[in-house]
Amino acid sequence: MSAVRDPSTLQPGSVGRASLAGLGREGLRAALAGIGVPDKQLKMRVGQLWSWIYVRGATAFEAMSDVSKELRATLAGTYSLERPEIVAEQLSGDGTRKWLLRLPKRGHEMRAPEIETVYIPEAERGTLCISSQIGCTLTCSFCHTGTQRLVRNLVPAEIVGQVLLARDRIGDWPGGASPHDGGLLPAAERKITNVVLMGMGEPLYNFDNVRDAMAIVADGEGLALSKRRITLSTSGVVPQIPRWGEQAGTMLAISLHAVRDELRDKLVPINRKYPIAELMAACRAYPGLSNARRITFEYVMLKGLNDSLADARALIKLLAGIPAKINLIPFNPWPGAPHEGSDWEQIERFAEVVNRAGYASPVRTPRGRDIMAACGQLKSESLKLSARERPIADSGGGA
């Protein structure tokens with residue numbers, strides 16, 4: 001179900017025409033009806049647009065060879081297939097890419113808001129980290145995004161648009177050309193194999209829009225990314241966790257970071273509303289939970305705060321009975337951060353305790369630190385950008 005039903009609610013792109021890229025079937029149907037396509041043709045025309053946008057990655061209506069020339073001209077004169085505008089693209093030394101993206105203004109916004117999206121390539125997989133809000137309300141003390149006030153929720157088309165934009169930039173459409181900047185790409189046929197809702201914002205505070213966007217991303221007739229390849233990360237919005245499992249059914253990650261309420265209250269302030277015991281109860285009841293569909297618990301390692309071997313043993317006890325994977329995350333610093341990362345030797349000792357208890361507990365190798373693209377470092381406010389930043393003059397993907 002798309003959140004856009006009335007074409008008058010579509011937002012204009014930089015060319016002054018509303019973009020159809022990122023809409024669901026109902027949104028496309030409303031847009032076509034708005035330009036006079038007869039009711040009896042709507043199902044067929046929606047199917048054509050859907051295939052061109054989500055299977056072949058079309059960025060211009062002129063490419064839609066099975067659509068009549070007259071309709072193509074009407075579409076091109078009324079709508080666009082623009083993606084979010086790339087303000088800057090940065091390429092890390094480890095191959096990670098970060099895009100600063102500008103979105104069209106909505107409602108009473110005085111200026112166009114910006115978000116960040118990150119692509120992390122590995123040998124056989126590529127993970128796209130997308131944002132669900134502009135800014136965040138949660139003020140987690142280890143997270144840079146939490147220092148930026150919440151501007152608004154993203155609508156489904158803006159969330160899906162991040163996936164389309166990334167596929168454009170790395171050549172992840174059928175017949176797409178690889179970028180010529182020397183960046184690393186996985187050997188897999190698909191360059192984006194996983195999507196994680198771990199960018200800016202708390203996705204469960206934007207539940208309906210994120211759910212509708214992921215339905216588009218997972219649709220087997222389009223982008224066709226398995227729900228087991230989509231992971232939503234939450235700081236612990238307890239009432240929405242079972243609802244997400246029932247309505248969306250993706251993988252789940254919990255931003256945990258502490259095993260005691262008094263510490264988690266400080267690190268992840270939402271814990272004051274939904275303490276650890278309630279969070280664990282929601283995890284145990286997550287629909288579809290099994291050894292094949294484990295919950296990932298994210299645990300950022302902070303020196304002297306949560307990294308003792310006693311903490312490791314308490315973590316094991318806390319997760320007893322939950323099919324779980326534990327991601328140990330070295331703290332990624334940012335300007336003015338109040339914490340210091342744990343020593344590597346201590347992280348390894350912590351991991352050994354957890355591994356011996358039978359939990360998979362990989363230490364997440366920091367990626368993209370040199371371009372502030374690592375976990376907890378995203379923030380879209382205007383800051384002095386890295387010297388490796390590459391502004392995009394002809395921001396890719398626009399119709």
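Once the range 237-262 is narrowed to residues that are part of a helix (DSSP H, G or I), of a type outside the set (A, V, I, L, M) and in contact (Cβ under 8 Å) with a residue 12 or more places away in the chain, the residue that is nearest to LYS303 (Cα to Cα) is ASP261.
In the range 303-319, what residues are aliphatic (A, V, I, L, M) and modelled with pLDDT under 95?
Within the range 303-319, LEU305 is the sole residue that qualifies.
Elements of the type helices (runs of 4 or more DSSP H) sitting completely within the range 1-100 and holding at least 1 residues that are outside the structural domain of SER131 (by TED's automatic domain parsing), among the aromatic types (Phe, Trp, Tyr) and modelled with pLDDT of 95 or more: these cover 39-54. When the range 281-317 is filtered for residues that are within 24 Å of the chain's Cα centre (by Cα) and part of a helix (DSSP H, G or I), the ones remaining, listed by number, are ALA282, CYS283. Answer with yes or no whether LEU252 is under 29 Å from SER92 (Cα atoms), modelled with pLDDT under 95 and either in the same structural domain as LYS98 (by TED's automatic domain parsing) or in contact with a Ser or Thr (Cβ under 8 Å, 6 or more places away or on another chain) (or both). No, not satisfied.
Checking each residue in the range 207-260 for being more than 15 Å from ILE295 (Cβ to Cβ) and of a type in the set (Ser, Thr, Tyr) picks out only SER226.
The values are calculated or read from the model by the stated rules, or taken from the named source; none is laboratory data. None of these values were measured; they are calculated from a predicted model. Virtual Cβ from ideal backbone geometry, glycine too; neighbours counted across all protein chains shown.
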